[in-house]
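Step one of this worksheet: look at the structure below.
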Amino acid sequence: MIQTKKVALVTGAGSGIGRAVCIALSEAGWSLVLAGRREANLIETATRCLGAETLVVASDITSLTDVKALFLKVEMTFGRLDLLFNNAGVNAPYMPLEDLSLAEWQRVVDTNLTGAFLCTQEAFRLMKKQDPKGGRIINNGSISAHVPRPLSVPYTATKHAVTGLTKATSLDGRQFGITCGQIDVGNAATAMTEKMSAGVLQADGSVKPEATMDMADVGRAVAYMASLPADTNVPFMTIMANQMPYMGRG
C-alpha cells in the first residue's frame, strides 16, 4: 500500500503518557499503531484519536515473539514506520534494596530496558530497509534517568540505562537516517503519580505532597520532537511540573 501519512508506533498506549502522546500525534495528522498488554485500554485510546487511522495490537514488549509479530503487523499494514515512542514502563514497590526480590528486579528490567531494546532493534530493521529509509525513535526516560527517588533502585537503574540506549541508538542510527532522542518527564498526572498529591517520600525522610502537570503537555512535547526534520534532533528534553522538588532533590 502507498502510505501518505507518517506512521507512529506507541508502546504503553493504553493509558497515561502513552495515551496523551497518541492523542497529540493524531491531532498532528499521524497514523498510529497502539501497542500494549490490555486491548480494551488500547481501543479506548483509539476512540480518542479522532480522525486518525489506528491499528490496535495487544502485545507484551518483554516477549521477543510478541515484538516481532507487532512490527510485522506494522509493516504489513502501513509498509513503513516513521516514529517509535518507547513508552511502556513499570515500577516496583518502594522498599529497601536488600528486600527487593530478584523477580521484581527482573520484571522492571525486562519491561523498561529489554522491552525498549527489543522494539528499537525491530524498528532499526524496518527503518533501514524501507523506502525512503530512516525514521525517529523517542525514548521515555524520566526524571529518574537523572536523579533517584528514595527506595527506587530498579526503576532508577533502568531509566539510567535507557539514557545509554538513547545515546548508542542515536550514534548507530546516524548513517541510516535514524534519529533518536529522549524525553524525561517529571510528575505528569497519571495513575502512577496519583499518590503524590497526598504525599511522597523525600530524600530527607519526610513525606510531602508534590505538584503534578497535565499529561497533554507531555503529548505535545513528544509531538514537537517527532515533527522535526530528519536532519534535526532533540537528544534530551526535560519536561516537569514547575513546582516539583526536582531541582532541590537530595
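The values are calculated or read from the model by the stated rules, or taken from the named source; none is laboratory data. For clarity, every value in this text was computed on a predicted model and none was experimentally measured. Cβ sites come from the backbone with ideal geometry, for glycine too, and all protein chains shown count toward neighbours.
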Please verify whether segment 228-239 includes one or more residues that are in a helix (DSSP H, G or I) and in contact with a strand residue (DSSP E or B) (Cβ under 8 Å, 6 or more places away or on another chain).
no
With the first residue restricted to segment 39-60 and required to be over 15 Å from Ser15 (Cα atoms), and the second required to be surrounded by fewer than 19 Cβ atoms within 10 Å (Cβ to Cβ) and of a type in the set (Val, Ile, Thr), Cβ contacts under 8 Å at 6 or more apart or on different chains are Leu55/Thr77
Query raised in the report: What about Asn139, is it under 15 Å from the mean Cα position of the chain (by Cα) and not in a helix (DSSP H, G or I)?
Result: yes
Test: residue in segment 225-233 that is hydrophobic (A, V, I, L, M, F, W, C), within 15 Å of Ala88 (Cα to Cα) and modelled with pLDDT of 95 or more:
no
Exactly one of Lys73, Lys5 is at pLDDT below 95, among the charged types (D, E, K, R) and farther than 29 Å from Gly186 by Cβ, and that residue is Lys5
Within segment 55-99, the residues that are part of a loop (DSSP other than H, G, I, E, B) and touching a Cys at 6+ places or on another chain (Cβ under 9 Å) are Ile61, Ala88
Taking segment 163-192 and keeping residues closer than 27 Å to Asn242 by Cβ, of a type in the set (S, T, N, Q) and buried (at least 21 other Cβ atoms within 10 Å of the Cβ) leaves Thr166, Gln182, Asn187
Checked segment 215-236 for anything among the β-branched types (Val, Ile, Thr), more than 15 Å from Ala28 (Cβ to Cβ) and either buried (at least 19 other Cβ atoms within 10 Å of the Cβ) or in contact with a Phe, Trp or Tyr (Cβ under 9 Å, 6 or more places away or on another chain) (or both); matches are Val234
Matching residues in segment 76-103 (crowded, with 17+ Cβ neighbours inside 10 Å and more than 20 Å from the chain's Cα centre (by Cα)) number 2
Flagged in segment 1-51 as over 18 Å from Leu70 (Cα atoms), of a type outside the set (D, E, K, R) and assigned to a helix (DSSP H, G or I), in numbering order, are Gly16, Ile17, Ala20, Val21, Ile23, Ala24, Leu25, Ser26, Thr47
